[in-house]
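Q: Please see the structure below; I have some questions.
The values are calculated or read from the model by the stated rules, or taken from the named source; none is laboratory data. Just so it is clear, the model here is predicted, and its values are computed rather than measured. Glycine gets a Cβ as well: all are built from the backbone with ideal geometry, and neighbour counts include every protein chain shown.
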C-alpha cells in the first residue's frame, strides 16, 4: 500500500531528475574512467531516490535502489574496480528504476529479482550479508523523515550506525558541519540531501508559465491603454510622469523575463544522446565518440520538445549509415573511433543545430541513381539540379540509400518525417556532405515557435497578419504607369513582373468580403461595384448620370483608390500576387491556434492578438491558393533569360563604401572591407620626419599619406584641428590615409562610369546620391606613396604566357583584381558567374581560375565542384577570393575543391598565391 | 433542470442557461469578424490573452430576426480541459438569475420544432412567462 499518495507526483518528478543524473553520471564514468566525485554524485542520487521511496513505502523501488547503492558503495570505497559490465548493469538497473518511477502505482508489481541478484553478484559474498544488514538500517533512514521529534530519542540510537553515509555527505559539502551532533544532523538530513542533488531551480508547471505569459501580454496591452488614456493629462497631474515611465519599463521587462522562462537549453535534448550513441555503437559494432557543443544555447520549450525525435533519427542515421566500421576506417587512414558532433549555435536570429559525422559521406551519384530507380524524379529534372537540390531528394518519402535495411535505420521512412517535423517548427534542414569525409545535417530553427514576423495588411477595414516567410516583394502600381499595370484576361487580372505574368487576386474577393469604397463626398463606405481595378466605370457613369457633381465623382474616386498594393507571395514554385487595401507594416506576432469552429476556413493558419488588443486572423497563402482555385502549371521550365538577368542584378553583391573628403572638394570612396578602422586624430598628433608625416598608433609609428598629394585632385588647406586616419586592412606595410572628414557609409551597387579616367591610384568613378565619387585603389595609392614596399616585382612578368580566368560578379572587385593580375603580367579572361566561367573554360585554354564565391546564377562552390568533376580540368588550380571570412565557409570552400581560399582583397597575397599555385604546377609537369 | 439559471433576452424571447456552465458576462466586447467562416460565427475576441469564438445564437437556432440591434454583450462559457476552445455567444441583454425547482421544469412540449428540440433542453414555467433553457453541449458541438 502506498502511503502519502498526495505527494507522490512530487516524488516522481524529483526521482526522475535523480535518475537522469544517475544516467549522466554513469555515462561520464564511461568516458573518464573513475572519478570519485562522479561516483559520489551517483551514489547520492540513488540514495535520495531510495530515501523518498521509503517514505511512500514503495518497497520494490527501495530494494532496487538499495542494491544499486550497495554496488556503488563498493565502487566508491575502491573495493571494486569499475568495468564496462558493471556500468552496463547499473545502467540497465537505472532504466528499470526509471520505468518503475514513471509508473509508480504499478511499481510494486515489478519483478526486479534479476537485477538485484546480478547487482549482488558483483559484491563479494561476505559483503552481501553486510548489505542485507544495511538494508534494515536504510529503512530507518527513510522512516526517519516521517518520525516526529517525540520519537526521535528512541530512533537516534538505532540510526547511529547508518549515519556514516550521512556524515560523509555532510563532510564533503559542509566541512563546518562536522562539529554538529548527530542529533542535529538527523534533523537536517533530508533537507541537505535534497540541497545537494537538486540544482538552483524549482519545478513549475508549464500551464502556470503559459498563464504567466498570457497575463504578461495582457499587462502590456493594459499599459498601452493606460498610457493612451492618460496621455492628455500627463502634464496636469504632478508626479504622474515618472510613475508612468516606470510602469512602462517594468512591464516591458516583465514580459521579456516571462518569455525567457519558457526558454530551455538544448542540453535537454542533447543529453539523451550519449546513451543512444553508446547503445547503438554496441549494437552495430562501431566505435563512436560523441562531442556536444553549445549545450547552453536556449530554445523555446515547445521546440526543444519537438526536437527529440527528428534529432534521434538523424543521429541514428549518422551512426548507422554515416560512420564506417572500425576496420574500414583504418583502411582509409581514418582513426578507428568515429566521431559524431552535435553543435548548437546562434546565427542570424536563428539557432542552428549541426549533426556532424566524419563518416563516409553521401554519394551524390548514388542518390541520383536511387531517385531515378524509384522514379521520384525524371532524368531531365535531375540534370538541371544542383548538388543541394539532389541532396534534398533524401527527404522525399520512400527514399533510402542504405544498401541493407537494419533495424536501426534505412527503411526509407523517417527522413521525410524529419523534414516535416522541422518544417512544422518553422525550421529547415540543410545537408552538407563530402564523400569520404563526412556529412553535416544542419537544422535551422527559430528561437521561439510562437512568435513569427509578419506583415499587417488591411482590406475592408479589417486587419490580417501575413507571415513574412512567403512574402517575396511588394509591388505598388500607380495609375498611368505604362510599364507596371494590371492587365486582363477576361476577368482575371495579371501583372507583368519581370517578363512573366503574375496572377493577381484581391484578398477581399478571396474572403468574400463585399468590396466597398469611401464616398468622397459623404465619407461613408459604399459598396464597390467595380469588379476590377481600372474598370472604366467613370465613362459609363457619365452617360448614365445627370448633373455635374456626379460626373466629377468618378474622377475623384479614381484618385482615391488608385495606388494598388500587391504582395508577391511564393509558395514553392507557385507565385501569385495578393492585392490588399492598406499595408500597415511588420509586426512580430504571437501565433495562437485556431479554434475548431473556424478550422474549416482554409485561408487562415492561426489567430493572433495585436498591439491594440484586438484579435487578428493570420493568413495562410497555401489556403488562399486553394480557396481562389488558382491552378499552377508545373513550373519546371527554365526561367526566361530576362528574369535571370534581373535576378543577377538583384543578387549583385552590395558593397559597403566609406565616403570621405580630403582637403579638396572631391568625394572619395573606399570599400569598407578594406578598412580596418578609422581613427580620429588632431593636427597636433602628426609628427614630421623629413617630408613624411607620422602618428603614433598602438605604440608604433604609422606613416600617413594624403591622397590628394598623389592623385590629380584639388588640394586645400587643412585648417581644422580634427582629422581622421583610415587604417587599411590586409596590407603588409600599413600606411594611414589622412582625410579631412567622413561623409557617410553607404551600401551600393557600383556601376562604373563609362568614360572613366585612367589614373593610377583610382579604380574609377561612380555616381552615388547624385555625387561623383572617386573610388580609391588602395594598393596603387600605396604604390605611389611608398614605392619601396609596394612596387610589384616587374621582373616576374617575364612574358609568361599564362592565362587566368577571373570569375567575379562585382564590377568593383573584378576591375581591381584584374588590374592586380595584369600588373603582374598575366593574361586575364573574365566571367561574371560560374556558368559563364564554365563556358569560357570550354573554349579557352586556362592555366588558373580565380573565383568569387557569392555569385548569381552559379556560385563559386558549384563552379569548383563542376570543375573537379570534369576530368579535363582535374588538375586545374582554382583559388577562391571572397569576402566570406567565416571559418566554416572557408572549410566548405576547401572541401568543395578550391586549392586556396583567400579573403578580399590583398594584392600581394593574391599574387603570391597565384605564383605559388603556378610554380607547383610547373613542378608537377 | 434545477438549480440556478442565468436568464437572458434574445430576439424578444427569454432564454436561460445553467449558471454553472457560465464563465463570465462581457459587455462592449471588440470582436474581429472572421470573413469566410460560417455565418453563425460572429468573430473572435481577445479575452485576457485567450481567443474566444463568438457565436450568433439567433442564426444558429434558425431565427430569422433581421432587426438585430447592435449589441455587444456576450456570455462566455467555461471551457473544459479536454476541449480548450473558448466559446461565447452574443445576447441582447441579461436577465436575472432564477432558482428553478423540479416542479417548474418540464421537458419540451411535443409541438416544439426540430431546431428547438436540438438546442433546448427544457422549459421552465415562470410566473408570467416561459423560460427556454438552452443546452450548450448540443449547440456548440459542431
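Residues checked against (1) crowded, with 18+ Cβ neighbours inside 10 Å; (2) within 30 Å of residue A:726 (Cβ to Cβ); (3) modelled with pLDDT under 80:
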position	(1), (2), (3)
A:610	yes, no, yes
A:618	yes, no, no
A:623	no, no, no
A:627	yes, no, no
A:638	no, no, yes
A:646	no, no, yes
A:658	yes, yes, no
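Q: Only one of these conditions is not met by residue A:88: (1) modelled with pLDDT of 80 or more; (2) buried (at least 18 other Cβ atoms within 10 Å of the Cβ). Which number is it?
A: Residue A:88 satisfies all of (1) modelled with pLDDT of 80 or more; (2) buried (at least 18 other Cβ atoms within 10 Å of the Cβ) except (2).
Q: Moving to a separate point now. Regarding residue A:347, is this residue surrounded by fewer than 20 Cβ atoms within 10 Å (Cβ to Cβ) and at pLDDT below 80?
A: yes
Q: Also, I was wondering about something else. Just name the residue that is nearest to residue A:508 (Cα to Cα) out of those in segment A:591-611 that are in contact with a helix residue (DSSP H, G or I) (Cβ under 9 Å, 6 or more places away or on another chain) and more than 9 Å from chain B (Cβ to nearest Cβ).
A: Ranking the candidates gives A:605 first.
Q: Here is a follow-up. Inside segment B:1-30, can you point out the residues that are in contact with a strand residue (DSSP E or B) (Cβ under 7 Å, 6 or more places away or on another chain), over 19 Å from residue B:140 (Cα atoms) and without any contact (Cβ under 8 Å) to a residue 60 or more places away in the chain?
A: The answer is B:27, B:29, B:30.
Q: Answer yes or no: is there a residue in segment B:52-73 that is within 14 Å of chain A (Cβ to nearest Cβ), under 21 Å from residue A:593 (Cα atoms) and at pLDDT below 85.
A: no
Q: Has segment A:274-294 got at least one residue that is within 14 Å of chain B (Cβ to nearest Cβ), touching a strand residue (DSSP E or B) at 6+ places or on another chain (Cβ under 9 Å) and buried (at least 16 other Cβ atoms within 10 Å of the Cβ)?
A: Within segment A:274-294, the subset within 14 Å of chain B (Cβ to nearest Cβ) is none.
No.
Q: For segment B:19-35, state whether one or more residues are in contact with a helix residue (DSSP H, G or I) (Cβ under 9 Å, 6 or more places away or on another chain), more than 22 Å from residue B:131 (Cβ to Cβ) and within 10 Å of chain A (Cβ to nearest Cβ).
A: yes
Q: Then there is this: Among the residues of segment A:211-221, which ones are more than 9 Å from chain B (Cβ to nearest Cβ) and without any contact (Cβ under 8 Å) to a residue 12 or more places away in the chain?
A: First, the residues of segment A:211-221 that are more than 9 Å from chain B (Cβ to nearest Cβ): A:212, A:219-220.
The answer is none; no residue qualifies.
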